[in-house]
Amino acid sequence: MIKKLPKKERDPSILILDFGSQYSELIARRVREADVFSLVVSNFISIKEIQDINPKGIILSGGPNSVYEDNAPKCDAKVFNLGIPVLGICYGMQLMVKELGGTVTPASNKAEYGRAPINIDCESDLLSNVKDRSIMWMSHGDSINNLPKGFIKISHTENTMHAAISNKQKKLFGVQFHPEVIHSEFGMTVIKNFVYSISQCKADWTTETFLEETIPRIKQQVGNNKVLLALSGGVDSSTLAFLLNKAIGNRLTCMFIDQGFMRKGEPEFLMEFFDKKFHIKVEYINARERFTQKLNGITDPEEKRKIIGGEFIKVFEEESNRLGPFQYLAQGTLYPDVIESAGTNLDPKTGERIAVKIKSHHNVGGLPKDLQFKLVEPLRKLFKDEVRKLGKALGLPDEIIKRHPFPGPGLAIRILGEVSNEKLNCLRDADWIVRDEIKNAGLYNDIWQAFAVLLPVKTVGVMGDKRTYAWPIVLRCVSSEDGMTADWSRIPYETLERISNRIVNEVPQVNRVVFDITSKPPGTIEWE
Ligand code: XMP
């Protein structure tokens, strides 16, 4: 029996108005780390929409503009009179001050970037339990000059007179620093003060409540229809498979298309794990030959990606017709894929909002829009760390939950130039050794990605008394928060030595190993 569900999905307790900050997403994540549901919305949201959502608190994000610029993004100023607590961060605070009659001083020689100890000037709800002289992270050119009526200064730094401000009666607060940034020592305390004691939110956004709300919703959405899921072996599609299996059991069919570009042992592991251990039916499609044949003679990286993507769709269509019909397609779309970013979607000339940008999903999800499926996307409100927690709660092993990101086109874009079966086997063996040694050294979970790349050149070496002429392998190990920027990992020499020795000794087609010491930017993580 399906319980009657409220018409609407859960509304956020904290609404984050985005003014184009690179940190808006991070603010939402921090609020959720306090087990409070938050969503990022455009600064153009109307008062009526806010009232419909009825959040317990509103956070105004930072942003790259100055509030005095012609097309500086704004929000409806009535937001300050709704009786809902508001916290303005950086640009958000400056906008609040300007809109309520205070003044902001445009950038002068007092710009402040990086670590700054804050001085607490008086007791306040916002800075309760924040240590005096603790470090907060600053990044601003403009500063507040005069406060609007009803506000007091609650903190300052050496360079900033108004590091934090409060209008206790109207529950309006502002901070010049970024509490969401990890380097802000008591940043999380500030966020918790705002969401718990000021906005009176309950800590009710947990994996358990997500499951309680989502499973009946999936059942209701799908009814007696059949759902198809393209499993890739990554954490998103695997968690989705477990979740859907729990919700709709055998009305779910998982399909795993083996393009032949997975790492050594992965297709076998996946089938063993899902099919045999958890009895989640997975249709294994061996399409290896098809894909390698299509790549014959192709050397350009983008062309490779296109061909692989196109072939994937073809196989997918053929196989779904064979196994179907299916009415629904399940996709592991996550929240960062759908966040609409207002600040970055303003027409630079008119300041008007331009079409909402949905980031394209370049993983398995890259299916054409005209496929005749309705979508089931139960993870679309979750961040990656929340998906990992959910996966763990549903029983996924660490091998999947902590697996390094792996590109959809797989090893094909780690073989530079033409792809062949011989090269694939060679790279698979080298890559296996990299992973094995990184795990043996206890480094696997501290590294974002560690892998091998095969170069399409041969170099001279000597083994025994014989001259060799064989391929070099590039070792690429990077640390990163989100893959957008990355630094090369400082792997201990002993581990590098073991990796190099083993690859040269155990992979006959390779006689040299080099280590990539390029950060991103200017390099990318992958070589193609
Ligand atoms: P780059 O090489 O752009 O990679 O620094 C950033 C992150 O994205 C992954 N990546 C891909 N993932 N299809 C994918 O699904 C692709 O074509 C692709 N290219 C790069 C990469 O592994 C890294 O985590």
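Listing for the model above:
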{"read-out": "Where VAL460 falls short, out of the listed (1) open to solvent by 30 Å² or more (accessible area, probe 1.4 Å); (2) farther than 15 Å from PRO508 by Cα; (3) of a type in the set (A, V, I, L, M, F, W, C)", "value": "(2)"}
{"read-out": "Unique residue being crowded, with 19+ Cβ neighbours inside 10 Å and under 27 Å from HIS404 (Cβ atoms) when the list is PHE269, PHE261", "value": "PHE261"}
{"read-out": "Matching residues in the stretch 451-466 - criterion: being assigned to a strand (DSSP E or B) and either under 38 Å from the mean Cα position of the chain (by Cα) or within 15 Å of the ligand (Cβ to nearest atom) (or both)", "value": "PHE451, ALA452, VAL453, LEU454"}
{"read-out": "Lone qualifier among LEU231, LEU211, LEU240, LEU252 - being within 12 Å of LEU390 (Cβ to Cβ), in contact (Cβ under 8 Å) with a residue 40 or more places away in the chain and out of contact with any Pro (no Cβ under 8 Å at 6 or more places or on another chain)", "value": "LEU211"}
{"read-out": "Any chance VAL387 is in the same structural domain as HIS279 (by TED's automatic domain parsing) and at pLDDT 95 or above", "value": "yes"}
{"read-out": "Test: residue in the stretch 141-161 that is free of Cβ contacts under 8 Å to residues at least 60 places away in the same chain and on the phi > 0 side of the Ramachandran plot", "value": "yes"}
{"read-out": "Count of residues meeting criterion [surrounded by fewer than 18 Cβ atoms within 10 Å (Cβ to Cβ) and either in a loop (DSSP other than H, G, I, E, B) or touching a helix residue (DSSP H, G or I) at 6+ places or on another chain (Cβ under 9 Å) (or both)] in the stretch 146-169", "value": "8"}
{"read-out": "Flag if GLU9 is without any contact (Cβ under 8 Å) to a residue 12 or more places away in the chain and surrounded by fewer than 16 Cβ atoms within 10 Å (Cβ to Cβ)", "value": "no"}
{"read-out": "Hey, GLU302 within 14 Å of the ligand (Cβ to nearest atom) and under 28 Å from the mean Cα position of the chain (by Cα) or not", "value": "yes"}
{"read-out": "Residues that are more than 27 Å from the chain's Cα centre (by Cα) and loosely packed, with under 13 Cβ neighbours inside 10 Å, drawn from the stretch 498-528", "value": "ASN505, GLU506, PRO508"}
{"read-out": "Test: residue in the stretch 467-490 that is away from the ligand (no atom under 16 Å from the Cβ) and part of a loop (DSSP other than H, G, I, E, B)", "value": "yes"}
{"read-out": "First in the stretch 259-280 and at pLDDT below 95, second anywhere and in a helix (DSSP H, G or I) and among the hydrophobic types (A, V, I, L, M, F, W, C), Cβ under 7 Å, 6 or more apart", "value": "PHE274/ALA241; ILE280/ALA241; ILE280/PHE274"}
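The values are calculated or read from the model by the stated rules, or taken from the named source; none is laboratory data. If you're wondering where the values come from, they're calculated on a predicted model, not measured in any experiment. Cβ: placed from backbone, ideal geometry, glycine included. Neighbour counts: every protein chain shown. With ligands, DNA and RNA removed, areas are computed over all heavy atoms of the protein, side chains included. Shrake-Rupley method; radii C 1.70, N 1.55, O 1.52, S 1.80 Å.
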